[in-house]
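The values are calculated or read from the model by the stated rules, or taken from the named source; none is laboratory data. Computed from a prediction, not measured in an experiment: that's the story for all the values here. We place every Cβ from the backbone using ideal geometry, glycine too, and count neighbours over all the protein chains shown.
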Amino acid sequence: MAVIYDLVILGSGPAGLGAAIYAQRAELNTLVIEKEMVSGGQVLTTYEVDNYAGLPGIGGFDLGMKFREHADNLGAVFAEDTVLRVEEADPAELDLVQAAEAGAGLKKIVGENETYYAKTVIIATGAQHRKLGVPGEEELVGMGVSYCATCDGAFFKNKVTAVVGGGDVAIEDAIFLGRICEKVYLIHRRDELRGAKSLQKKLMEMPNVEILWDTVVDSIDGKFKVSTLNLSNKKTGEKKAIAVDGVFIAVGISPNTEEFKGTVDMDNGGYIVAGEDGTTSVPGIFAAGDVRTKQLRQIITAVADGANCVTSVERYLNEQ
C-alpha cells in the first residue's frame with residue numbers, strides 16, 4: 001500500500017530544511033527528498049557566512065549541518081532520490097480507501113528510485129550560479145572565488161577585488177564592492193555593459209572602479225587563496241595578469257527547475273512564478289527559495305520562504 005504524505009518537500013537546502021522544520025512543528029506527515037548525500041545546498045560550499053542573523057561568521061558547512069540537525073531533532077524524514085517529474089496522480093493507482101482519503105488533487109512524484117504520493121508539494125530545489133569554467137575556479141571557491149558579493153564582500157574590505165560580468169548583478173556587485181574595497185576591476189567580455197543605465201551612471205562615478213573592456217578570464221591562480229587573474233583581450237589578443245584578493249563571478253544564475261517545465265508556470269528565466277506565500281499556478285504545489293521569482297536570493301530569505309510555504313500548505317489542506 002502506497003504511503004500518502006501530507007507534504008513532500010523537494011530539496012534540502014535552506015528553503016527545504018526551513019520548510020521541514022515548520023512542517024514537523026505543524027505535525028504534518030512529511031517527507032524530504034534530497035538529491036545529494038548531504039543536506040544544505042549551496043551553503044555547504046560557502047567558506048564563511050557573515051549575514052545570517054544571530055550566527056555571524058559561521059562556516060557554511062556548519063550552518064547547513066545546524067539546519068539539518070534541527071530538522072532531525074524534530075523527527076523529519078528524508079529520502080535520497082532524484083526527482084524526474086511531478087504530476088497529478090491517477091486514483092486508479094491507489095486502492096479505493098486511499099483514493100477516498102486522499103481526495104482530489106493528489107500529487108505523484110516520480111523519482112529515479114521510487115514513486116511518492118502527496119497531498120501537497122513544495123519545490124525547493126534551489127539554483128546554481130553559472131560558472132566561467134576556467135582553471136582555478138572550482139579549486140578556489142570559498143578561498144577568494146565567490147558568486148555573491150552581498151554574502152562575502154565584507155571579507156574583502158580595503159582589499160583589491162574583481163567582478164566578472166556586464167549585467168545588472170555584476171554592476172551592482174561592483175558598486176557594492178567599490179564602497180568597501182580599495183580597488184575593484186569590472187571585467188566584461190564586450191565593449192559595453194548590459195545593465196540598467198542608472199546603474200551604469202553610478203558605476204562610472206566611482207573613482208576606484210576600473211572597467212576592463214573586451215576582456216575574459218583565462219585562469220584564476222593562487223595556492224591557498226586567490227592571488228592572480230590571468231586575462232586576455234578578445235580584440236587585441238593582449239594577455240596580462242592582475243593581482244587581486246578576490247573575484248566575484250556574476251555571469252548569471254540558473255534555477256534547478258528543468259524537471260518542472262510544463263507542470264507549473266515559469267518566467268523567461270526558468271524561475272517558478274510564485275509570491276511570498278509560495279503559491280504556484282497549480283493548487284497544492286508551492287515554491288520556496290531560489291527557484292521562485294523574487295527580489296533577493298539569500299540564505300535568510302530561503303528559510304523564510306520555507307516557513308511561508310508550510311503556512312500555505314496548512315491553509316490549503318484545511319480548505320480541502
(message) For segment 271-296, which positions are surrounded by fewer than 22 Cβ atoms within 10 Å (Cβ to Cβ) and under 13 Å from the mean Cα position of the chain (by Cα)?
(response) Y271, T293, K294, Q295, L296
(message) Can you name every one of the strands (runs of 3 or more DSSP E) wholly within segment 22-133 that holds 1 or more residues which are within 30 Å of V145 (Cβ to Cβ) and either of a type in the set (K, R) or touching a residue at least 40 places away in the same chain (Cβ under 8 Å) (or both)?
(response) 30-34, 77-80, 83-88, 115-123, 127-129
(message) Please go through (1) closer than 24 Å to K35 by Cβ; (2) surrounded by 19 or more Cβ atoms within 10 Å (Cβ to Cβ); (3) not small (G, A, S) for E138 and return the number of the only condition it doesn't satisfy.
(response) (2)
(message) I'd like to know if segment 260-267 contains one or more residues that are over 28 Å from F156 (Cβ atoms), of a type in the set (S, T, Y) and in contact (Cβ under 8 Å) with a residue 60 or more places away in the chain.
(response) yes
(request) Tally the residues that are surrounded by fewer than 17 Cβ atoms within 10 Å (Cβ to Cβ), closer than 18 Å to N308 by Cα and touching a strand residue (DSSP E or B) at 6+ places or on another chain (Cβ under 7 Å), restricting the search to segment 18-77. (result) 1
(message) Return the pair list, or none, for Cβ contacts closer than 6 Å from residues in segment 219-247 that are closer than 13 Å to M143 by Cβ to residues that are of a type in the set (F, W, Y) and crowded, with 19+ Cβ neighbours inside 10 Å, at least 6 apart or on different chains.
(response) D245/F156; G246/F156
(request) Only strands (runs of 3 or more DSSP E) wholly contained in segment 204-320 count here; list those with 2 or more residues that are at pLDDT 95 or above. (result) 209-212, 215-221, 228-233, 239-243, 246-249, 285-287
(message) Can you find, within segment 150-176, the residue that is surrounded by the fewest Cβ atoms within 10 Å (Cβ to Cβ) among those that are closer than 14 Å to G195 by Cβ and among the hydrophobic types (A, V, I, L, M, F, W, C)?
(response) F176
(message) Restricting to segment 306-320, name every residue that is in contact (Cβ under 8 Å) with a residue 60 or more places away in the chain, out of contact with any Lys or Arg (no Cβ under 7 Å at 6 or more places or on another chain) and not small (G, A, S).
(response) C309, V310, T311, V313, E314, Y316, Q320
(message) Considering only residues that are within 22 Å of I171 (Cα to Cα), touching a strand residue (DSSP E or B) at 6+ places or on another chain (Cβ under 7 Å) and not small (G, A, S), which ones fall in segment 239-270?
(response) I242, V244, D245, V247, F248, I249, V251, I253, P255
(request) Evaluate the following for L193: is it without any contact (Cβ under 8 Å) to a residue 60 or more places away in the chain, of a type in the set (A, V, I, L, M) and assigned to a loop (DSSP other than H, G, I, E, B)? (result) yes
